[in-house]
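Accompanying notes for the structure given below.
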């Protein structure tokens, strides 16, 4: 036996021997001492569960007081077991909670409830990209949500999880069709080009391109091109950080000009192997319908229009009023075409576990969703994720590997029925005849369901992987490198079969067509880095240096086929009579950079952060491919001053930053002379024609960012408040400068000497309202006010942008006619004749500026926990303007909003709307046309929406290592607004608005 082991194991023996020696001097006291000493060294197993009063806490450290080496970690279910003496004391510690000291007192089972310690929230580390920093010591502006916020939402797009939860981040849903997208702006619109304002997305250290994967030839169901962000499985996300100011984004250089969205996926946890399965099912409905006229009201308007126009007979094609269609039939077309129920089902499964040195996680997911359209269209999404963490026994070497593979399969109609649902006359014929076939009513109308014959089918495969290797060469000196790879493949087809046509006109398959889109995108990235951290007295230094090598290859192949022998051959493009290549494009994007960071922290009071990046991009001409960007950030933690320590002010920090970032989101090869095939054949050879002019001066767009902020915490951080003022100025805009037609080109890609400014104020407030026993109630509030302005634009008056922008006004404006009300004598809308020429015309009289940017936006979230119950709900609010839904001239063969019943009849019978017309009264037709582009159509579209609500309950099971939770979730449930023209969040006309969703689910963990 090893002598050291002998002495180690013999401690108890020598203690008893010494106690026996004392016994000979004091028999009574010594015997009592012996009993205590013996019992204290008798080891037995203590078991129990650690929770916050509501949910178990995994990863909690349980040790023995005075013996920190004897420590264990609670497992995924919060359970632990430790060998201890009967008189020992457990020390229970966990980040975010107060350390608990619990005497064992001879117990073998102890259930522990930890109390939140808000002061440790300042110690939580947030991801800043190439480094992490404590919440209390960050000098930049970073907004963050975690998996606890994400898991409460029945959504499939990563941007949907952020709506209403982050100050300075404005997100709008663009369509309610499954697989659709969202628009995001972080602190406003910096670039004049609307497609150059997307942020940079980073998933586990790998840049993820948000460039559209759809095409305008195929994706006609959606307002914009399809984004690949739907590929990301929201259930696999551990946290999302949004970097906003220069201090946080400058280390990403040109890629961070519009902000950075950092997505960190879940990783394995040490402990017993744990299995988790969840399933949910639910339904979705359109949030709001327009209030339209019924048959009686509609026909009354139509007949009045004939009277107003002086017409005594109905035309042969006026089927709705001439008796051809049933005068008593009423169909609510919004409910008929959009009133269906979207069926939603989800399944998630994961297994995780590992030792002290190696942890793993494997998960899979599947999502299925139908539409509200009256047909069977299905969106399916599934995938798997794997992560592996490993460190050596001496903790010097670390490896982090993650990979995900996701598949989307979307089958949708290629035409949205929303516009038909709002404009069809309420007495239009039935959709089906008595035999169940599409009803064409003897050729008197075009059945809207025929559009469903045209289908959009899309499939996407997305693979992403990353490995991070690091080795600590010396104390505080770490060498690491990351290697990332992505591979995305998309295939889309849109068919337009002849069966869409009215059979009265004998359409044949020779008019059928198909459009296809094949897009492939591959990228790799390598980022070697070195970091050095050391402490010297009260000073702490952090140094970071690294480089980036990135390569992205994208191929796009768009094809069109027209005319088929049979509709059954429509997917065989070789059978088409005419085949045309719409686009055959391959682009290569290369990016190289060197970056660095220096952070100095003196006594945890004064912090200075310097970041810089030297960027190189293949998107610019020779001599302009490289640029340098950088930022400086500083913070003063005045709550750590001696005179404020241990006071009611638990956090006080003043921080500021200034820096310059760039932007190269202009597309590839924009500076080069480029050519394409002309389509003309000469001497058997297809000719070429120029498509773009060379511009060697084409360079970087720059964005100068300034911010100053105050962050405070009161009463042990039970109240946290922050206020930030920011001002971003973007110049050297990347746009197309118009050219005279005599050059043979309409534009040349160049840098426009225009300057755009975004400034605003962001407020956040977090309060722990109550925490008594197992009951807690927290509130989080964020509010953002923003102002966008075009500061300068030399030559604006002589450019093609002169009717789009105004100096001193936001980019998101519309120039409109100024509405002057209703002429009480003629019953026709009146507008200001700006140039006094007696004619209302564009652009001369269309000069009134209307700002459609939100005035302010935000959200308020509440979290309530009591024992096994949990309630989480979020209200989103936006102060904004929008235009009323354009329905056309009142009195034509199209339904109208119910409010338009209040129209002008005679000079003695006035109304809010002009007189009806069948189209015969040209003044009234023109009045309706001008009204839709005038200030009269601008209305208040502000809203408060119950964006999300989640209720869960942990079933009190008596099964070891097993947890079961029941979950009820809702999205877009209630909306409070004055807007009468549909969903107030939705800004695109003629497309399906967002859906109201309710799901119920079950989660089982064992």
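The values are calculated or read from the model by the stated rules, or taken from the named source; none is laboratory data. Just so you know, these numbers come straight off a predicted model, no measurement behind them. Don't worry about glycine lacking a Cβ; one is built from the backbone with ideal geometry, like all the others, and counts go over all protein chains shown.
Looking across 915, 969, one residue alone is surrounded by 21 or more Cβ atoms within 10 Å (Cβ to Cβ) and in a strand (DSSP E or B). It is 969.
For the stretch 91-107, filtering for residues that are closer than 16 Å to residue 72 by Cα, surrounded by 13 or more Cβ atoms within 10 Å (Cβ to Cβ) and at pLDDT 85 or above leaves 5. Which residues, taken from the stretch 531-546, are in contact with a strand residue (DSSP E or B) (Cβ under 9 Å, 6 or more places away or on another chain), surrounded by fewer than 17 Cβ atoms within 10 Å (Cβ to Cβ) and not in a loop (DSSP other than H, G, I, E, B)? Once the filter is applied, which keeps residues that are in contact with a strand residue (DSSP E or B) (Cβ under 9 Å, 6 or more places away or on another chain), surrounded by fewer than 17 Cβ atoms within 10 Å (Cβ to Cβ) and not in a loop (DSSP other than H, G, I, E, B), the stretch 531-546 yields 532, 533, 534, 535, 539, 541, 543, 545. Somewhere in the stretch 40-63, is a residue modelled with pLDDT under 80, farther than 24 Å from residue 957 by Cα and assigned to a helix (DSSP H, G or I)? Scanning the stretch 40-63 turns up at least one residue that is modelled with pLDDT under 80, farther than 24 Å from residue 957 by Cα and assigned to a helix (DSSP H, G or I). Residues in the stretch 115-137 that are modelled with pLDDT of 85 or more and out of contact with any helix residue (DSSP H, G or I) (no Cβ under 8 Å at 6 or more places or on another chain): 131, 132, 133, 137.
Of the strands (runs of 3 or more DSSP E) lying entirely inside the stretch 618-726, those containing at least 2 residues that are at pLDDT 90 or above, within 30 Å of residue 210 (Cα to Cα) and outside the structural domain of residue 253 (by TED's automatic domain parsing) are 626-637, 649-663, 701-714. For the stretch 207-241, the set of residues classified as buried (at least 24 other Cβ atoms within 10 Å of the Cβ) and assigned to a strand (DSSP E or B) consists of 240 only. Every listed requirement among (1) part of a loop (DSSP other than H, G, I, E, B); (2) surrounded by fewer than 16 Cβ atoms within 10 Å (Cβ to Cβ) is met by residue 821 save one, (1). Going residue by residue through the stretch 770-788, is there one that turns out to be surrounded by 15 or more Cβ atoms within 10 Å (Cβ to Cβ) and over 30 Å from residue 718 (Cα atoms)? Scanning the stretch 770-788, I find at least one residue that is surrounded by 15 or more Cβ atoms within 10 Å (Cβ to Cβ) and over 30 Å from residue 718 (Cα atoms), so the answer is yes. Against the definition (touching a residue at least 60 places away in the same chain (Cβ under 8 Å), surrounded by fewer than 17 Cβ atoms within 10 Å (Cβ to Cβ) and farther than 30 Å from residue 51 by Cβ), how does residue 930 come out, yes or no? So residue 930 does not fit the description; no. Restricting the first member to the stretch 980-1006 and to residues that are more than 23 Å from residue 170 (Cα to Cα), and the second to residues that are assigned to a loop (DSSP other than H, G, I, E, B), the beta-carbon pairs closer than 6 Å and six or more apart or on different chains are 999/154; 1006/961; 1006/962. The set of residues in the stretch 317-335 being assigned to a helix (DSSP H, G or I) and either in contact with a strand residue (DSSP E or B) (Cβ under 7 Å, 6 or more places away or on another chain) or crowded, with 19+ Cβ neighbours inside 10 Å (or both) consists of 333, 334. The number of residues in the stretch 502-530 being more than 30 Å from residue 469 (Cα to Cα), buried (at least 17 other Cβ atoms within 10 Å of the Cβ) and touching a strand residue (DSSP E or B) at 6+ places or on another chain (Cβ under 9 Å) comes to 7.
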